[in-house]
Amino acid sequence: MAEVKTQRLDSYLRLIDISRDLASTLDLDVLLSRIVQAAANITAAEAASILLYDNTARQLYFQAATNIDEPTMRGLVVPLEGSIAGWIVTNRKPVRIEDVHDDARHFGDIEQTTGFPTKSILGIPLITKNKIVGVLEVINKEQGKFTSTDENLLTVLGAQAAVAIENARLFQQSDLISEFVHELRTPLASLSTATYLLLRPEIEREQQEQIVSNIHSETLRLNALASAFLDLARLESGRVQFRKSTFNVMDLLHECSDVMSSKAEEDHIQIRVIEPEGSTLLEADRDKIKQVILNLLSNAIKYNRLNGSIILKTDSQEERVSVISVQDTGVGIPEDAVGHLFEKFYRVRENESKAGGTGLGLSICKQIIQGHGGTIEIKSKLGIGTNVLISLPRGGRTIPR
Ligand code: ADP
């Protein structure tokens with residue numbers, strides 16, 4: 001009995017430490033991974049996970065787990081109806097189950113995808129200011145079954161976690177929004193100057209046409225900026241689910257080349273797609289990978305020279321990794337700029353006047369590729385050209401951590 005009491009005291013002391021730790025971090029990913037580690041720890045469970053609730057889609061999505069890697073997690077959604085997590089959200093009550101397979105609410109799909117067998121579960125709702133943000137679950141008690149003490153401990157941790165998640169989210173949003181507002185200022189200022197000039201009586205017809213054409217391109221750019229920004233905000237918040245399928249990368253490269261061909265022809269740029277030997281099958285979200293390649297192709301055209309060329313290829317040499325490269329004979333990127341290319345809104349000053357853009361394209365590409373467990377890197381020589389290399393795991397089942 002004395003031993004149990006000491007253990008409990010230990011757990012409470014640990015909880016105080018963890019709470020302090022949680023209050024001091026605003027990086028949402030770091031925060032969530034600390035919470036799941038702590039949850040598994042204090043309840044002596046094999047694994048723990050956090051599912052965040054999407055009120056619009058009425059479903060939950062995995063945001064952190066001690067036993068599932070990020071690419072696998074990206075595709076996992078849990079419906080509100082017919083799942084234990086959904087029940088917790090709807091009823092705002094904790095759940096303790098000894099064997100989930102005896103429980104009608106159990107949603108078996110997750111177990112199948114991750115290959116991680118689930119037996120016992122203890123889950124609690126994450127609530128701040130009367131709003132439900134998600135569910136914290138611990139899975140498989142190492143010995144025996146989850147107790148009411150475990151439930152109390154997890155509830156205390158959950159209350160701290162919910163506040164910390166809300167704070168980190170607000171901070172993230174305000175950061176992103178202030179950057180966005182900053183970016184809006186320049187096009188808005190130029191639109192305002194343009195309309196002012198249009199109203200001046202001394203402006204001639206030819207100049208008027210020029211000004212209207214500037215207004216048109218600035219509005220197009222604002223539109224592109226708004227769409228790209230929304231895209232990136234969704235990707236960064238983890239709310240974008242990747243719908244994976246197996247497809248042939250070569251077909252996709254040809255498709256992308258066709259889409260961009262008229263734009264390339266305008267600048268007399270030739271796009272060549274190089275066929276490799278062997279299979280080029282890849283398991284990924286085809287539409288998202290297409291979005292990445294189109295983005296890179298668009299850059300390779302925009303920052304190319306007249307009569308330049310682009311080589312699109314994929315390498316299937318390595319069994320487990322698929323490499324896609326987009327290489328151009330363009331203006332290249334100064335050495336000191338290469339390290340900044342994936343920063344939001346970053347544009348190379350020397351090339352800014354060469355073509356319009358948002359400075360968000362590469363950040364979006366990086367989010368998509370990293371979300372697939374891949375990498376993206378850029379090699380460039382000024383005046384010679386740029387090569388963007390993407391490596392992606394070719395797929396099949398991703399191994400749980
Ligand atoms: P943008 O919408 O400005 O093209 P990106 O995020 O796609 O935004 O690219 C960021 C910056 O990187 C661009 O403004 C450009 O200066 C540089 N860049 C990207 N791709 C290339 C390329 N193929 N060749 C030269 N510069 C490039």
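Among the residues of the stretch 370-389, the ones that are open to solvent by less than 20 Å² (accessible area, probe 1.4 Å), away from the ligand (no atom under 13 Å from the Cβ) and touching a Ser or Thr at 6+ places or on another chain (Cβ under 7 Å) come to 1 in all.
The single condition from (1) open to solvent by less than 30 Å² (accessible area, probe 1.4 Å); (2) under 21 Å from THR149 (Cα atoms); (3) in a loop (DSSP other than H, G, I, E, B) that LEU126 fails is (3).
Total residues in the stretch 290-337 satisfying the condition of being hydrophobic (A, V, I, L, M, F, W, C), more than 9 Å from the ligand (Cβ to nearest atom) and farther than 17 Å from GLU265 by Cα: the figure is 5.
Being more than 8 Å from the ligand (Cβ to nearest atom), outside any helix (DSSP H, G or I) and touching a residue at least 12 places away in the same chain (Cβ under 8 Å) is the requirement here; does LEU341 meet it? Spelling it out, it is not the case that LEU341 is more than 8 Å from the ligand (Cβ to nearest atom), outside any helix (DSSP H, G or I) and touching a residue at least 12 places away in the same chain (Cβ under 8 Å). As for the stretch 76-90, it holds no residue that is assigned to a helix (DSSP H, G or I), in contact (Cβ under 8 Å) with a residue 24 or more places away in the chain and among the polar types (S, T, N, Q). Close Cβ contacts (under 6 Å, 6 or more residues apart or on different chains) running from residues in the stretch 91-120 that are under 14 Å from ASN140 (Cβ atoms) to residues that are surrounded by fewer than 12 Cβ atoms within 10 Å (Cβ to Cβ) and of a type in the set (S, T, N, Q) are absent.
Okay, residues lined up against (1) at pLDDT below 90; (2) open to solvent by 30 Å² or more (accessible area, probe 1.4 Å); (3) out of contact with any Gly (no Cβ under 9 Å at 6 or more places or on another chain):
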position: TYR61; (1), (2), (3): no, no, no
position: ALA64; (1), (2), (3): no, no, yes
position: THR72; (1), (2), (3): yes, no, no
position: VAL78; (1), (2), (3): no, no, no
position: ALA85; (1), (2), (3): no, no, no
position: ILE88; (1), (2), (3): no, no, no
position: LYS93; (1), (2), (3): no, yes, yes
position: ARG96; (1), (2), (3): no, yes, no
position: ASP109; (1), (2), (3): yes, yes, yes
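Scanning the stretch 262-297 for residues that are open to solvent by 50 Å² or more (accessible area, probe 1.4 Å) and among the β-branched types (Val, Ile, Thr) yields a count of 1.
Out of curiosity, is GLY361 open to solvent by less than 40 Å² (accessible area, probe 1.4 Å), modelled with pLDDT of 95 or more, within 12 Å of the ligand (Cβ to nearest atom) and small (Gly, Ala, Ser)? Yes. Would you confirm whether or not the stretch 238-249 contains a residue that is away from the ligand (no atom under 15 Å from the Cβ), surrounded by 14 or more Cβ atoms within 10 Å (Cβ to Cβ), in a loop (DSSP other than H, G, I, E, B) and hydrophobic (A, V, I, L, M, F, W, C)? Among the residues of the stretch 238-249, at least one is away from the ligand (no atom under 15 Å from the Cβ), surrounded by 14 or more Cβ atoms within 10 Å (Cβ to Cβ), in a loop (DSSP other than H, G, I, E, B) and hydrophobic (A, V, I, L, M, F, W, C), which makes the answer yes. Among residues of the stretch 1-22 being of a type in the set (S, T, N, Q) and at pLDDT 70 or above, the one that is farthest from the chain's Cα centre (by Cα) is SER11. Pairing each residue of the stretch 175-202 that is under 20 Å from ALA224 (Cα atoms) and in a helix (DSSP H, G or I) with any residue that is modelled with pLDDT of 85 or more and acidic (Asp, Glu), provided the two are 6+ apart or on different chains, yields C-beta distances under 7 Å for PRO187/GLU218; SER190/GLU218; LEU191/GLU218. One residue is enough: does the stretch 348-370 have a residue meeting the conditions closer than 23 Å to HIS254 by Cβ and part of a strand (DSSP E or B)? Checked the stretch 348-370: no residue is closer than 23 Å to HIS254 by Cβ and part of a strand (DSSP E or B). Can you tell me which residue within the stretch 36-59, out of those that are part of a helix (DSSP H, G or I) and of a type in the set (S, T, N, Q), is surrounded by the most Cβ atoms within 10 Å (Cβ to Cβ)? So, considering only residues that are part of a helix (DSSP H, G or I) and of a type in the set (S, T, N, Q), the one surrounded by the most Cβ atoms within 10 Å (Cβ to Cβ) is ASN41.
The values are calculated or read from the model by the stated rules, or taken from the named source; none is laboratory data. This structure is a prediction, so every number in the text was calculated from the model and none was measured. Every residue, glycine as well, gets a Cβ built from its backbone with ideal geometry; the counts of neighbours run over all protein chains shown. For accessibility, only protein heavy atoms count, side chains too; no ligands or nucleic acids. Shrake-Rupley method; radii C 1.70, N 1.55, O 1.52, S 1.80 Å.
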